[in-house]
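What follows is one structure encoded as structure tokens, with my remarks underneath.
Bear in mind that the values in this text are calculations on the coordinates, not laboratory data. Everything numeric here is computed off the predicted structure, so don't read it as measured data. Cβ atoms come from the backbone with ideal geometry, glycine included; neighbour counts cover every protein chain shown.
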Amino acid sequence: MGRGFHSLRLGGAPALGRGFAGGGVELLAFRIGERAFFVFGFAKNERANVSDKGLVALKLLGSHLLGYDARTLSQALRTGELHEVQSNE
């Protein structure tokens, strides 16, 4: 299965007066058809980018999370180390 680390650039919320330039960035680690982990996010008006060192660390974290087996993932959810987000789609 495919795996990856993806950056999503999000538009702002014009209805809240922030305009599209007030958007943000979310970094996701994913394994297609299995799971995805939100590993970092920030508002573009608070931070310009992630440093090269920071990106390496986030990719390492994402790889670590994607390596969790079902038992480790269940334990991380049970202890509050991770939180599950469910979609109705």
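Below is a table of values for the structure above.
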item: Karplus-derived 3J(HN,Hα), 6.51/-1.76/1.60, for each residue of region 41-46, Hz, glycine and proline x; result: x, 7, 7, 5, 7, 9
item: FRET efficiency estimate (nearest 0.05) - Cβ-Cβ, Phe42 to Gln86, R0 25 angstrom; result: 0.55
